[in-house]
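Presented below is the structure to which this report refers.
FYI, it's all coordinate maths here, none of it is from the lab. Treat the numbers as computed from the prediction; the structure is a model and nothing was measured. FYI the Cβ positions are ideal-geometry reconstructions off the backbone, even for glycines, and counts take in every protein chain you see.
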Amino acid sequence: MAGIDHAPPPFFKQGPAPLALLTFYIAISVALFVVDLRMHSLDLVRQSISLLVDPVQRVAQTPGSLVDYAGNYLRGIQTLDAENKELKHAKLTTAPDLQRLAQMESENERLRKLLSVKEREKAQGQVAQILYTARDPFSRRVIVDKGQQSGIVGGQPAIDEAGVVGQVTRVFPFSAEITLITDKDQAVPVQIVRSGQRSVVFGLGNGQLELRYMPANADVQVGDVLVTSGLDSVYLPGFPVARVVNIERDSAYSFARIFCAPIAGVENFGELMVLNPREALPPAPPESKSRSGDGGNDKGLRPKNKRPSKAN
């Protein structure tokens with residue numbers, strides 16, 4: 001009879017304690033982490049694993065991507081069809097008004113020529129794409145993709161489909177910087193459409209504007225639209241600038257605080273038009289010299305009173 005083997009079966013064999021194994025694995029992990037952090041020795045391993053796993057990930061994502069693409073394609077077709085119908089309807093609706101407008105413009109030009117009135121300057125320019133905003137978070141500036149190579153010069157106004165956006169302040173070879181009208185350094189001469197009053201609107205740096213130098217009892221109402229007055233050499237008259245949103249009147253102060261919101265999409269990314277430089281305005285007439293007591297030079301203004309000489 002063979003001897004009985006007293007060794008325990010493999011299932012009941014005991015190895016190292018679990019705590020010892022956990023400590024050993026933690027030590028190895030920490031050592032690998034420190035070595036990789038200091039020597040970057042596992043970069044090649046990570047790149048190799050990423051290279052092997054990337055095709056698998058792409059294959060796994062293919063069904064979902066195809067479903068998303070098909071859904072976006074169908075939704076795009078529906079959206080385009082709806083927009084096409086709306087544009088056709090709008091075209092039919094506005095066609096009579098556009099035809100009348102063209103007729104009125106031609107009639108107006110004929111009347112101006114008959115009356116020998118100087119024609120208003122034409123608003124011409126070139127479309128530019130907004131690339132990004134300036135790096136200074138305390139300013140309101142954008143960078144466009146047109147610069148010196150496109151004939152852009154400093155001082156040119158910029159507008160969008162709604163109104164005035166800003167003014168070109170710096171020009172680079174292939175780009176230009178436009179300071180928005182909401183910037184603290186910007187001021188635009190404006191006129192209230194309803195009452196015809198003229199003033200200046202200033203940017204506040206927070207997306208709003210303030211209409212200054214208006215008396216506390218001025219005829220200004222919430223909702224009034226401000227347009228460029230054309231009293232400078234930058235903006236042509238008639239472009240929408242802002243709309244009055246809040247008025248603070250205090251009898252203790254001479255001027256009212258009038259806050260406005262820009263009409264144009266000054267904080268939106270997209271396209272805008274940089275208008276050509278405006279024709280220079282005629283120089284202002286020289287101011288007359290004040291006649292004050294002994295300080296002014298009165299020669300030629302009034303004769304001196306001479307006493308008659310006594311006869312001998």
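Taking amide H atoms as placed 1.01 Å from N in the peptide plane, the amide H of residue 125 lies under 5 Å from those of 276, each 5 or more residues away in sequence or on another chain. With a cut-off of 13 Å between beta carbons, the residues surrounding residue 126 carry a summed charge of -1, where Lys and Arg count +1 and Asp and Glu -1. Taking segment 159-238, which GluC sites (Glu not before Pro) meet the DSSP loop condition and have no more than 14 other C-beta atoms within 10 Å? Qualifying residues, ordered by number: 161.
Residues whose amide H lies under 5 Å from that of residue 260, counting only those 5 or more places away or on a different chain, are 209, 210, 211, 245; hydrogens are built 1.01 Å from N in the peptide plane.
Of the chymotrypsin sites (Phe, Trp or Tyr not before Pro) found in segment 168-262, those in coil by DSSP whose Cβ has at most 14 other Cβ atoms within 10 Å are 174, 213, 253.
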